[in-house]
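Down below is the structure, laid out as structure tokens.
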Amino acid sequence: MLPEKVLAEVQGPARYLGGEYNAVVKDPSQVRIQFALCYPDVYEVGMSHLGSQILYHVINSPREVACERVFYPQADAVELMRQRGLPLSGLETGRPLSDFDIVGITLQYELTYTTVLAMLELGEVSIRSDQRGPSEPLVLGGGSCTCNPEPLAIFFDAFLIGEGEEAVEEILDTYDRWQQAHPNRETRSTGNREELLRELAAIPGLYVPSLYEPEESDEGLLIPRPTAPEAKPTVKRRIVEDFAHAAIPEAPVVPWTEIVHDRGQIEIARGCTRGCRFCQAGIFYRPTRERSVETIRRAATQIIANTGFDEISLAALNCPDHSHINEIIDGLHEDLSGQRVSIGLPSLRIDNFSIELAEKVQRVRKTGLTLAPEAGSQRLRDVINKGSSIRG
């Protein structure tokens, strides 16, 4: 959020307004934890990220926790903020990043790593974790890039390895207990902060880099070895076991301006069994789990009713792999075609996509389809285990 007098001087001021439909704004005096949910890219990209929508919904569900969205501004706004000493702040209330209790940063791809550091600097949060004072926010990392957290280990207090819907609630509970034991932020000590980090390290899926030190293995590799009893020798990836009943954001925030994926989204399945050798997500989000047709239809109806979008996108690593994909599309058309709502599918594999499915998707209006052969020759497709063949 930028001050009103600054909005007239930047391009695309709608990115910095806040106050969108379905945004959750809570009275700071009525909450115990302020959580900044950061996406290290511009508004149009971050608002399209379904994982952030899910976490925004989950974190804001408890009445005593407030979650605000933070995106990295465009270059013109960054320059203006630095000239005038304006810190990076949350969209919901304009609270500076340094005033939050927890700063959670999504790590989706490596090219955003420099932006992560720029966000901390612009938000007036110490960049290195060992230079962070006891009263500064706890900086957490999450997302698929945490499968290799070491490149960013010196900048984060902790990483959540794996899926976050359930683990984030455990993190909030742990932080709340610690905060109640040390209610005065200004008088917290380094020892208090280390105590918090030890408690977090006991949560499955949490990796706290400061509780490890590098040790050379017999093969000459540097392996993190725990230095505290709470730190686990092997941090196991968190998996949402009951995905069928996991949280669905049925009232996502509706952006003021057009974004990359300007439509409603619902995750119909998670994980993949294909084993393509190049695909990080196929491994990171295993095992394969599905939502029922009834759950998807109910949620999609609510999303459209709560947002007014004219398109609903079915999200999965490969939608046609859902065992009831035809029933899902038929059911959604039955529920939503009267409102002229179309159905979109993300990137598709060519080996199980059919003309019948294409015709079902385009029943309301023609939408684009993206087919992913992934390589230009059959030899390369075989090498990467794509498992598909194209005959010209």
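None of the figures in this text is laboratory data; all of them are computed from the coordinates on show. Computed from a predicted model, the values in this text were never measured in an experiment. A quick note on method: Cβ atoms are made from the backbone with ideal geometry, for glycine too, and the neighbour counts reach across all protein chains shown.
Need the list of aspartates and glutamates near Lys386 for cross-linking: C-alpha distance under 15 angstrom, and skip anything on the same chain fewer than eight residues off.
Those aspartates and glutamates meeting the cut-off are Asp321, Asp351, Glu374.
Using helices alone, what [θ] at 222 nm do you get for the chain, with -39,500 (n - 2.57) per DSSP H run of 4 or more residues, divided over all residues and rounded to the nearest 500?
Values: 12 runs with 111 residues, N = 392.
Calculated mean residue ellipticity at 222 nm is -8000 deg cm²/dmol.
Angle between the Cα long axis of helix 167-181 and the longest principal axis of the chain, 0 to 90 degrees, nearest 10?
On a 0 to 90 degree scale, this one is about 20.
Roughly what angle does helix 75-84 make with the longest principal axis of the chain, taking Cα atoms, 0 to 90 degrees, to the nearest 10?
Tilt of helix 75-84: around 20 degrees.
Nearest 5 percent is fine: what portion of the DSSP beta bridges confined to the chain is antiparallel?
Numbers: 11 of 38 bridges.
Roughly 30 percent of the DSSP beta bridges within the chain come out antiparallel.
Please give the peptides 43-55, 128-140 ranked by average Cβ packing (other Cβ atoms within 10 Å per residue), highest first, as a rough proxy for protection.
Put in order of decreasing packing, that is 43-55, 128-140.
Using the 10 angstrom Cβ neighbour count as an exposure proxy, how do Phe159, Phe71 rank, fewest first? Could the numbers behind the result be given before it?
Details: Phe159 26, Phe71 23.
Ranked by crowding around the Cβ, least crowded first: Phe71, Phe159.
Any idea what angle helix 325-336 forms with the longest principal axis of the chain, computed on alpha-carbon atoms, 0 to 90 degrees, nearest 10?
Taking Cα atoms only, the helix is inclined about 90 degrees.
Using unit Cβ charges (K, R positive; D, E negative) and no other charged atoms, how large, in debye to the nearest 20, is the dipole of the chain about its Cα centre? Please report the intermediate quantities before stating the final value.
Values: 40 positive and 57 negative charges, 164 e Å.
The dipole magnitude comes to about 780 debye.
In debye, nearest 20, what is the charge dipole magnitude of segment 1-127 about its Cα centre with +1 on Lys and Arg Cβ and -1 on Asp and Glu Cβ, if you could check? If you can, show how the numbers build up before the last one.
Numbers: 9 positive and 16 negative charges, 46 e Å.
My answer is approximately 220 debye.
Scan [x] 57, 55, 37; [y] 63, 53, 37; [z] 65, 61, 37 for the value of Cα extents along the principal axes in Å calculated from this model and give just the label.
[z]
Please list, or write none, the aspartates and glutamates whose alpha carbon is within less than 12 Å of the alpha carbon of Lys236, excluding same-chain residues fewer than 8 places away.
Glu163
Which value in Å does the Kirkwood hydrodynamic radius of segment 124-274 take, with 1/r averaged over all unlike C-alpha pairs and then inverted?
Numbers: mean 1/r = 0.0564 Å⁻¹.
Computed over segment 124-274, the radius equals 17.7 Å.
Fewest Cβ neighbours within 10 Å first, please rank Val58, Val341 accordingly. Don't skip to the end; give the middle numbers.
Values: Val58 20, Val341 23.
If I rank by nearby Cβ atoms, fewest first, I get Val58, Val341.
How fast does segment 4-226 diffuse by Stokes-Einstein, in µm²/s, taking the Kirkwood radius from C-alpha pairs at 37 °C and 0.692 mPa s?
Translational diffusion coefficient: 182 µm²/s.
Placing +1 on the Cβ of each Lys and Arg and -1 on the Cβ of each Asp and Glu in the chain, which of Gly191, Tyr21, Gly275 has its Cα farthest towards the positive end of the resulting dipole?
Of the candidates, Gly275 comes out farthest on the positive side.
Want the number for Ile223 to Val383: 0.36 nm per residue separation, take away the alpha-carbon distance, what's left?
On the way: separation 160, 0.36 × 160 = 57.60 nm, distance 3.05 nm.
Net length gain for the segment: 54.6 nm.
Which residue, Ser377, Ala231, Leu91, has the largest displacement toward the positive end of the dipole of the chain when charges sit on each Cβ (Lys, Arg +1; Asp, Glu -1)?
Ser377
For the residues Lys386, Lys236, Lys26, what sequence is obtained by ranking on other C-beta atoms within 10 Å, fewest first?
Working: Lys386 23, Lys236 10, Lys26 17.
Exposure proxy ranking, most exposed first: Lys236, Lys26, Lys386.
Would you mind putting 250-262, 74-86, 304-316 in packing order, based on average other-beta-carbon counts within 10 Å, highest first? Could you put the intermediate results ahead of the total?
Numbers: 250-262: 16.9, 74-86: 13.8, 304-316: 18.7.
Ranking the peptides 250-262, 74-86, 304-316 by packing returns 304-316, 250-262, 74-86.
Expressed in nm to one decimal, what extension gain is obtained for the pair Arg198 and Ala281 from 0.36 nm per residue of sequence separation less their Cα-Cα distance?
Numbers: separation 83, 0.36 × 83 = 29.88 nm, distance 2.95 nm.
Value of the extension gain: 26.9 nm.
Within segment 245-339, report the trypsin sites (Lys or Arg not before Pro) that DSSP leaves as loop and that have at most 14 other Cβ atoms within 10 Å.
Values: sites: Arg263, Arg270, Arg274, Arg277, Arg289, Arg291, Arg297, Arg298; in loops: Arg263, Arg274, Arg277, Arg291.
Of the trypsin sites (Lys or Arg not before Pro), the ones in loops of segment 245-339 whose Cβ has at most 14 other Cβ atoms within 10 Å are Arg277.
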